[in-house]
Amino acid sequence: MANDIIDIERYVTANRARLGMSAGESASAFGSEHRLAVYGTLRPGGTSAHMLAPYGGMWSGGIVRGYQLGACTESGCPGLAWDPAGEKIEVQVLESPELAAAWVSLDAYEGSDLVRIVVPVKIDGAGIVAANLYASADATRARLLMRDGGNVHDTVDDRL
């Protein structure tokens, strides 16, 4: 169910854990296992849309916050750095009960440069929902370090 009140620090903590930066709440605690926000080649009409076709479901437009790392082309998309204080980025959100069983294959398809995180998405006309999103691991880690006043060249061990 969508609403307009979110605790952004829950998302930050969960994504730090997903990136190996700290211990934290599991992303599954958000109820996002049936939602995927896409901004690149996986979106409807994109060159990799066929990867999501088997899961059916319903699509909605939405907005996430962050920074795109360059323009998406037919051959690929350089990624997105998630940042709750970043720019508004248009996404398409797939909601399907079939996604819960698809994460292993989708994670493998996206590769090691992108990490699946959970983010708040403002759905057109419906409020805010939690959704999975593939983001640049390095760029998102750097944005989270900067959020804490850290240096983007710090490593997790240097900050302990």
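Considering only segment 122-143, how many residues are among the acidic types (D, E) and either surrounded by 20 or more Cβ atoms within 10 Å (Cβ to Cβ) or closer than 20 Å to G79 by Cα (or both)?
The total comes to 1.
Going through segment 49-64 one residue at a time, which ones are in contact (Cβ under 8 Å) with a residue 60 or more places away in the chain and of a type in the set (S, T, Y)?
S60
Please work out which one of (1) more than 17 Å from the chain's Cα centre (by Cα); (2) touching a residue at least 12 places away in the same chain (Cβ under 8 Å) is the condition V91 fails and give its number.
(1)
Among the residues of segment 88-147, what is the count of those that are over 17 Å from G20 (Cα atoms), hydrophobic (A, V, I, L, M, F, W, C) and touching a strand residue (DSSP E or B) at 6+ places or on another chain (Cβ under 9 Å)?
15
Between A14, A29, A37, A23, which is in a loop (DSSP other than H, G, I, E, B) and either modelled with pLDDT of 80 or more or out of contact with any Leu (no Cβ under 6 Å at 6 or more places or on another chain) (or both)?
Just one listed residue meets the conditions, A23.
Name the residues in segment 98-139 that are touching a Ser or Thr at 6+ places or on another chain (Cβ under 8 Å), closer than 24 Å to I6 by Cα, not in a helix (DSSP H, G or I) and not acidic (D, E), would you?
V115, I117, V118, I123, A126, V129, A130, A131, N132
Take the residues of segment 59-85 that are of a type in the set (S, T, Y) and assigned to a strand (DSSP E or B): which is modelled with the highest pLDDT?
That would be S60.
Can you find, within segment 107-121, the residue that is surrounded by the fewest Cβ atoms within 10 Å (Cβ to Cβ) among those that are over 13 Å from the mean Cα position of the chain (by Cα) and modelled with pLDDT of 90 or more?
Looking at residues that are over 13 Å from the mean Cα position of the chain (by Cα) and modelled with pLDDT of 90 or more, I get A108.
The values are calculated or read from the model by the stated rules, or taken from the named source; none is laboratory data. Quick caveat: nothing in here was measured; it's all calculated off a predicted structure. Positions of Cβ are backbone-derived with ideal geometry, glycine not excepted, and every protein chain shown enters the neighbour counts.
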